[in-house]
Amino acid sequence: MDRGCERRSHPGLLEQIWGAGTTSVMLIANGRTLVRENKIILLPSHARPLPASAVYLGRAVQGAGVPVGTDIVLEILDGPEQAALPAGYDGDWLGLREVPTDVSAQDAGLFVEAAAITNWHASHRHCPLCGARTRMEQGGWVRRCPEDDSEHFPRTDPAIIVSVLDEQGRILLGHNKSWPEGRYSTLAGFVEPGESLEA
């Protein structure tokens with residue numbers, strides 16, 4: 001996917017592409033999307049009104065079930081999932097950790113992108129400077145405060161996961177005291193401000 005960071009900043013992009021035969025819609029509700037036969041279900045945009053919660057996810061540049069050139073727009077649902085489906089569409093509403101591991105790399109990437117941007121919108125609805133309710137801009141990738149005109153962007157939380165090996169090729173694993181007996185993991189953690197990845 002080409003996430004189209006330059007393209008999504010053009011005013012009116014969503015209005016221009018919505019309803020075209022080359023624009024598809026991915027639904028997400030309560031962290032779940034519609035999946036059938038190990039594939040994310042994409043709906044035609046011409047059968048739906050343009051939602052206020054639309055987020056531009058990008059354009060397919062390689063064919064992996066989605067034709068090259070297809071624009072994909074995310075619709076974030078507030079209500080019951082089934083009410084959003086047109087006739088003839090069915091499947092299972094699955095969360096990111098429930099999706100089968102054999103979905104395509106394209107679908108996995110779309111779902112991770114959609115989940116991250118949805119979580120950001122849900123937790124950053126108000127301006128951190130003045131508290132006013134912000135509005136979505138730039139294809140859903142910016143929230144702007146109407147009071148002080150400040151722009152707010154999706155946050156990233158840098159984290160690491162590492163394999164610590166000794167001279168014999170053995171790996172160091174950790175065990176959290178809240179985990180069940182016998183569960184171990186590689187070492188991972190968030191990077192604090194000013195901290196290097198090595199530290």
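The values are calculated or read from the model by the stated rules, or taken from the named source; none is laboratory data. Predicted model only: the values in this text are computed from it and were never measured. Cβ placement follows ideal geometry from the backbone for every residue including glycine, while neighbour counts extend to all protein chains displayed. The accessibility values were calculated without ligands, DNA or RNA, using every heavy atom of the protein model including side chains. Shrake-Rupley method; radii C 1.70, N 1.55, O 1.52, S 1.80 Å.
Give me the net charge of ASP2's neighbourhood, meaning all other residues with Cβ under 13 Å from the Cβ of ASP2; Lys, Arg count +1, Asp, Glu -1. That works out to +1. Taking 0.36 nm per residue of sequence separation and removing the Cα-Cα distance, the HIS175/ALA199 pair yields an extension gain of 6.6 nm. Taking amide H as placed 1.01 Å from N in the peptide plane, HIS126 has its amide H under 5 Å from the amide H of THR134, each at least 5 places away in sequence or on another chain. Residues ASP107, ASP166, ASP78, ASP102, ordered by accessible area of protein heavy atoms at a 1.4 angstrom probe radius and largest first, appear as ASP78, ASP102, ASP166, ASP107. Residues of the chain were split at every exposed loop site, defined as GluC sites (Glu not before Pro) in a DSSP loop with at most 14 other C-beta atoms within 10 angstrom, and the longest piece left, sites excluded, is 38-97.
The heavy atoms of ARG133 present about 130 square angstrom of accessible area, all protein chains included, probe 1.4 Å. Full extension of the chain between VAL191 and VAL61 yields a length gain of 43.5 nm, computed as 0.36 nm times the residue separation minus the alpha carbon distance. Heavy-atom accessible area with a 1.4 Å probe sorts ARG125, ARG155, largest first, into ARG155, ARG125. Before rounding to the nearest 500, sum -39500 (n - 2.57) across all DSSP H runs of length at least 4 in the chain and divide by the residue total; then give [θ] at 222 nm in deg cm²/dmol. Calculated at 222 nm, the ellipticity per residue is -3500 deg cm²/dmol. Ranked by the mean number of other Cβ atoms within 10 Å per residue, highest first, peptides 21-31, 42-52 order as 21-31, 42-52. What the phi angles of the range 95-106 give under the Karplus curve with 6.51, -1.76 and 1.60, with θ = phi - 60°, is a coupling list of x, 4, 7, 9, 5, x, 6, 9, 5, 5, 4, 4 Hz, glycine and proline written as x. Shown in residue order for the range 182-199 are the 3J(HN,Hα) couplings computed by the Karplus curve 6.51 cos²θ - 1.76 cosθ + 1.60 at θ = phi - 60°: x, 8, 10, 8, 5, 7, 8, x, 7, 9, 7, x, x, 8, 7, 4, 5, 5 Hz (x for Gly and Pro).
Across the protein chains, with a 1.4 Å probe defining accessible surface, the residues VAL162, VAL112, VAL66 rank VAL112, VAL162, VAL66 from largest area downward. For the range 1-27 versus the range 126-188, the spacing of their alpha-carbon centroids is 26 Å. Seen from HIS121, the other residues with C-beta closer than 14 Å to its C-beta sum to a net charge of +2, counting Lys and Arg as +1 and Asp and Glu as -1.
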